[in-house]
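The values are calculated or read from the model by the stated rules, or taken from the named source; none is laboratory data. This structure is a prediction, so every number in the text was calculated from the model and none was measured. Don't worry about glycine lacking a Cβ; one is built from the backbone with ideal geometry, like all the others, and counts go over all protein chains shown.
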Amino acid sequence: MRSTYRIVAVFVAAMTALALGGCGGQQPESSEMSGQEQPAESSAVDTETPSTSEGDGDAAAEPEAATVGSSLDAYSWAELSEISNEIAAAPDQAVAIASKYGLCAADGSLDGAQEKSITLADGTETAVQIIGFAHDTKSDGSVAGITFIFKNAIAEHPMNATDTNEGGWERSEMREYLDGQMTSLPSDLQQVIVEVKKKTNNAGETDSISAVTSTSDKLWLLSAIEVWGEDVGINFGSKVNPNLGYNMAKVFNEEGKQYQLFEYMQNAPDYERYDFYSKGGTKKWWLRSPYPVSDDDFKLGGSDDGNQAGADGNFTVVPCFCI
């Protein structure tokens with residue numbers, strides 16, 4: 001009988017060891033899988049906050065898996081968002097990264113040919129163009145990788161119903177109107193647009209740079225300096241009064257910096273400039289910059305930086321956005 005017990009005991013012990021060995025073999029596999037899943041979750045978060053050191057590597061690596069498209073139009077908005085995150089993680093290499101993905105010329109230039117077609121909710125077919133890389137700052141303080149402008153005006157609308165620029169862009173009816181236009185964009189584009197800080201003279205009539213403050217926007221209009229560069233309006237103002245021109249430039253110069261595409265257009269052939277600045281119509285298009293020496297005007301985009309109009313004018317709307 002004792003011999004039988006020994007045999008049973010040995011058999012039970014062997015089976016128990018086998019079972020424990022099997023669990024032990026599975027446990028490292030489970031632990032390893034858990035280790036693989038955690039970085040994947042971190043990568044998704046870090047892509048949105050590229051300032052994190054660990055996230056920088058993940059954010060930069062993620063777009064590498066995407067196939068390089070033949071043109072800007074070949075990418076989905078999700079893919080462009082990944083590329084934008086890669087640029088944002090290494091802004092000093094923005095041109096090289098953009099060139100790698102075919103988003104600019106090999107020398108890093110933008111000439112307006114970088115377009116992506118979109119269809120608005122009302123069926124309007126249009127396109128957007130890249131105007132700069134790593135140019136804007138998100139509301140959370142990190143870098144926005146790519147900035148776009150609509151190739152053509154999408155509407156006509158006054159800056160304000162009454163003829164005043166008081167409160168500047170921040171309190172303008174145009175800003176509220178553009179916020180409502182987000183729903184007219186394709187849903188996949190809406191999902192990747194990021195909110196950025198835009199600096200504007202939000203007083204109206206002023207000669208002080210302290211009037212320039214920041215707003216957070218998803219759809220917005222360009223400022224005068226973002227189009228024309230530093231000292232915009234100084235020559236025009238100097239025709240009236242030398243000090244007037246200087247004070248105008250002081251305020252305008254605080255509202256950002258010129259975008260890469262507009263820098264190119266300043267030296268482009270006349271026919272190319274005209275086609276670009278017309279934005280598909282004969283009317284001028286609004287800029288968000290109040291004309292600082294009046295209480296009713298905002299600056300206009302076009303071929304001449306000396307133009308402005310009363311806030312209740314019915315000029316065209318050419319929004320910008322970042323991803």
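In a residue-by-residue description of the stretch 279-288, the property of being over 18 Å from S172 (Cβ atoms), touching a residue at least 40 places away in the same chain (Cβ under 8 Å) and among the aliphatic types (A, V, I, L, M) applies to no position.
Filtered by the rule that a residue be more than 13 Å from V317 (Cβ to Cβ) and among the charged types (D, E, K, R), the stretch 159-184 gives D163, E166, E170, R171. Restricting the stretch 269-308 to residues that are in a helix (DSSP H, G or I) and charged (D, E, K, R), the residue that is surrounded by the most Cβ atoms within 10 Å (Cβ to Cβ) is R273.
When A96 is tested against (1) touching a helix residue (DSSP H, G or I) at 6+ places or on another chain (Cβ under 7 Å); (2) surrounded by fewer than 23 Cβ atoms within 10 Å (Cβ to Cβ), exactly one condition is not met: (1). Here A113 clears all of (1) assigned to a helix (DSSP H, G or I); (2) more than 26 Å from K199 (Cα to Cα) except the condition numbered (1). On the stretch given as the stretch 100-119, residues that are among the polar types (S, T, N, Q) and either touching a Phe, Trp or Tyr at 6+ places or on another chain (Cβ under 8 Å) or crowded, with 17+ Cβ neighbours inside 10 Å (or both) total 2.
Being farther than 20 Å from S76 by Cα and touching a strand residue (DSSP E or B) at 6+ places or on another chain (Cβ under 8 Å) is a property that T137 has. Among the residues of the stretch 201-233, just one is buried (at least 23 other Cβ atoms within 10 Å of the Cβ) and hydroxyl-bearing (S, T, Y), namely S223.
Could you say whether any residue in the stretch 120-134 is of a type in the set (A, V, I, L, M, F, W, C) and modelled with pLDDT under 95? No, the stretch 120-134 has no match at all. Among the residues of the stretch 166-186, which ones are surrounded by fewer than 16 Cβ atoms within 10 Å (Cβ to Cβ), of a type in the set (S, T, N, Q) and either within 28 Å of S294 (Cβ to Cβ) or touching an Asp or Glu at 6+ places or on another chain (Cβ under 9 Å) (or both)? Hit for the stretch 166-186 is S184, nothing else. Against the conditions (1) surrounded by 17 or more Cβ atoms within 10 Å (Cβ to Cβ); (2) of a type outside the set (A, V, I, L, M, F, W, C); (3) more than 18 Å from C322 (Cα to Cα), E86 satisfies every one except (3).
Residues in the stretch 208-234 that are outside any helix (DSSP H, G or I), in contact with a Leu (Cβ under 9 Å, 6 or more places away or on another chain) and not aromatic (F, W, Y): D217, K218, L219, L221, L222, S223. Looking at I154, I146, just one residue is crowded, with 19+ Cβ neighbours inside 10 Å and under 25 Å from E86 (Cβ atoms), and that residue is I146.
Of all residues in the stretch 163-183, those satisfying the criterion of being assigned to a helix (DSSP H, G or I) and either of a type in the set (G, A, S) or out of contact with any Phe, Trp or Tyr (no Cβ under 8 Å at 6 or more places or on another chain) (or both) are E173, E176, Y177, D179, G180, Q181, M182, T183. Scanning the stretch 249-263 for residues that are assigned to a helix (DSSP H, G or I) and more than 19 Å from the chain's Cα centre (by Cα), we see that the one that is surrounded by the fewest Cβ atoms within 10 Å (Cβ to Cβ) is K250.
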